[in-house]
Each structure stands twice: as C-alpha cells, then as structure tokens.
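Chemist: Got a structure for you, written out below as structure tokens; questions coming shortly.
The values are calculated or read from the model by the stated rules, or taken from the named source; none is laboratory data. Computed from a predicted structure; not experimentally measured. Please note: Cβ atoms are built from the backbone with ideal geometry, for glycine as well, and neighbour counts cover all protein chains shown. Please note that ligands, DNA and RNA were not included when accessible areas were found on the heavy atoms of the full protein model with its side chains. Shrake-Rupley method; radii C 1.70, N 1.55, O 1.52, S 1.80 Å.
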Amino acid sequence: MKPQPEDISVKKISFRDNAAIKVLIGEHDSNIKLIEKIEEVKLYVRGNDISISGNVIGVDIVEKLLVQLYSLIKKGYPIYSTDIDYAHRILSENSSTNIEEIFLDTVFISSTKKTITPKSIAQKLYIDSIRKCDMVFGIGPAGTGKTYLAMAMAVAMLLEKKVNRIILTRPALEAGEKLGFLPGDLSEKVNPYLRPLYDALYDMVDFDKASTLINKGIIEVAPLAFMRGRTLNDSFIILDEAQNTTSEQMKMFLTRMGFGSKAVITGDVTQTDLPPDKISGLIEIESILKKTSGIRFVYFSGVDVVRHSLVQDIIRAYSHLDRSRGRK
C-alpha cells in the first residue's frame, strides 16, 4: 500500500561545517545510500543542505539521526557505517534518545587505541548498572556485547586499581560434551571452553601484557568448578554462559563474592545445553534475586546485536519460531 499524499513529509536541514558534512555524507555518498537503505526515505544533498522526503515517521527519525550524527562528528567522534546502523536502531526504538549520551560514554580504550563504547540503549543501561551495582546479570542473545562490555569494564577497573584482579569463568559443559571423554590433560580439555574469554581479553590488552597478568594470577581464566571453596575479595568476576550452570553451581558461584568485588553474570536463557532434568541456574535465579536491592538484571534483545546485520535477522527468526512452538 503506497503512502497517501498527506502521509508524505519533506524536510530540509542546513549544516554549517563543510568538513563535518563531508564526513556525514560519506565517501561517494556512502552514508546517504546506507540511510536510504535502512529507512524508506530519499535524501538529496545540495551544498550544505540535505533534504529528506518520505513517510512522516521515517523522515522524523532520519532528521534526528542526521542532526545527532553531525553533532558527534563535530565533537571528533569517528562515524562508521556500523555506527549509523546502531544509531538508527536506537532512534527507531526511542526517537527521543540522545545518541551522544550513549556513543560518547567511553568504557575503555584498548591497546590498539580502539575506543569501546555502548552501542544501544540496553548496553548503556548495562554499563551504568555495572558502575552502580556490585552484582549485575546480563541476559540476552549472542552478539549483544554482554561479555565483551563486562570484560572492558573489568580491564578498565583493574588498570584504574579499583580492583586487584579479574576472574573470568565459564561452566565447562556445553553442547552435550563431558570433559572426561575429551582427549588431553585438564588444561587441554578446558581451554576450548575458555577460548572466547581469552579472545575478548587479547582484543583489549596487548598479548604480552595479558600473558604476564595471567602468569602472575592477576587475571585468571578458569572453569567454574575451580571457584568452589574460594572467597574472592577485591575482584571483578565474570561468569559467562551462565545458562549452562545448574542451580547448585549458580549458588556456589554467587556465594564466592567477597568484599570490594563486583560480579557480572551473562547468559542466554534460550540456549541452555543442560540435560532436560536439570534446571538452569540462570533461569532460576531470576525469580529468586530479581527484587534484591543492589542487584540489577539487564535484558538484551535482537536490536542490541552488534555483529553482522544478518545475526539480528537470524535471532528474530528463531524468536518467531519459538513463539510459534509455544516457548517463552
């Protein structure tokens, strides 16, 4: 159904800074073409003016998108195509959002000078929750930055001497495999499960420095079973893939937390690999601790995915399938 004439809107925005508008438009109008692709509008550039035509809602979103991107560029923020996509998603979800408050919130600057910032409303809430609360649960699908942002916060707090060490852990039981049936010694058996945590760490900290911190025990990467019987003081503790913890394992982990520590627990409750007769500790803990003061639950969805755009479509398709099968 074509929009009626009264549904069509046309707006013109004028930008003063010649250098900033060139960045906004993109090389060979690449950013303009991208915006036309992700929102059903037409953009016309003439000098320092950009005209937008299309349906009323789309024009309003794109006007706010262009104005806020221009403001970011003026403040020295490097705009990439992915930033435009993320900003569009945010404004489509809530058009009154101030993109600057999200994109300019620097979590950490890596050894390669890569600036790590939140890229969605949920990611911003997640970061703020970690800053304010000692225990935070990040629940949602893969690719939403739950573990990566928690790792960035942990490294930043370690380098700022707000914690003395980082503990990274995962349950070593996934996809139906049991460690006893895998080849090699204990280290060789558990390392494949812990590889994603190492990958995130090495993306932020120089390999040699990270290796030194690991060898000194300042950063520890270990399977969840190694946490039993310990009290972790002045630590930033991350439990990844928590949907694969049993009720007993979750209780064991949460009671390891000592003075001066923060704990971040991440997982996707729709992707548990536990046997059918086992209750996921992550699913159970939602009902137990959700109203506890000082503990925050942050929920992510497909709109928060920061991987390839197809990942967002795949998650949306599976969510639709689950609903059609009557799953929660």
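Chemist: Hey, which of these cross-link pairs are over 20 Å Cα-Cα: LYS75/LYS161; LYS114/LYS162; LYS119/LYS291; LYS262/LYS290?
Modeler: Among LYS75/LYS161; LYS114/LYS162; LYS119/LYS291; LYS262/LYS290, the Cα-Cα distance tops 20 Å for LYS75/LYS161; LYS114/LYS162; LYS119/LYS291.
Chemist: Which net charge results when you count Lys and Arg as +1 and Asp and Glu as -1 among the other residues whose beta-carbon is under 13 Å from that of MET257?
Modeler: Value of the local net charge: +2.
Chemist: Just the number, please: carbon plus sulfur as a percent of the accessible area of the stretch 54-125, 1.4 Å probe, no ligands or DNA/RNA counted.
Modeler: The nonpolar share, carbon plus sulfur, comes to 56 percent.
Chemist: Right, something else. Report, to the nearest 10°, how far helix 186-204 tilts away from the longest principal axis of the Cα atoms in the chain, using its own Cα long axis and a range of 0 to 90°.
Modeler: So the helix axis and the longest Cα principal axis differ by about 30 degrees.
Chemist: Keeping all protein chains in position, work out how much accessible area VAL221 exposes to a 1.4 Å probe, and write it in Å² to the nearest 10.
Modeler: 20 Å²
Chemist: With angles folded into 0 to 90 degrees, how steeply does helix 56-74 sit against the dominant principal axis of the chain? Use alpha carbons for both and round to 10.
Modeler: The two axes meet at around 70 degrees.
Chemist: Return one number: the angle in degrees, 0 to 90 and rounded to the nearest 10, between the long axis of the Cα atoms of helix 81-93 and the longest principal axis of the Cα atoms of the chain.
Modeler: 90 degrees
Chemist: Do any of LYS33/LYS132; LYS42/LYS74; LYS146/LYS251 go past 32 Å between their Cα atoms, and which?
Modeler: Beyond 32 Å: LYS33/LYS132.
Chemist: For LYS124, give me every one of the aspartates and glutamates with a C-alpha distance below 16 angstrom, ignoring sequence neighbours fewer than eight places off in its own chain.
Modeler: Filter leaves ASP83, GLU93, GLU100, GLU101, ASP105, ASP304.
Chemist: What number comes out for accessible area per residue over the chain if the probe is 1.4 Å? Units Å², please.
Modeler: 53 Å²
Chemist: For the chain, give the share of DSSP beta bridges that are antiparallel, in percent and rounded to the nearest 5; count only bridges with both residues there.
Modeler: The antiparallel proportion sits near 40 percent.
Chemist: Also, quick follow-up: Quick one: putting +1 on the C-beta of Lys and Arg, -1 on the C-beta of Asp and Glu, what dipole do you get for the chain around its Cα centre, in Debye to the nearest 20?
Modeler: The calculation lands at about 560 debye.
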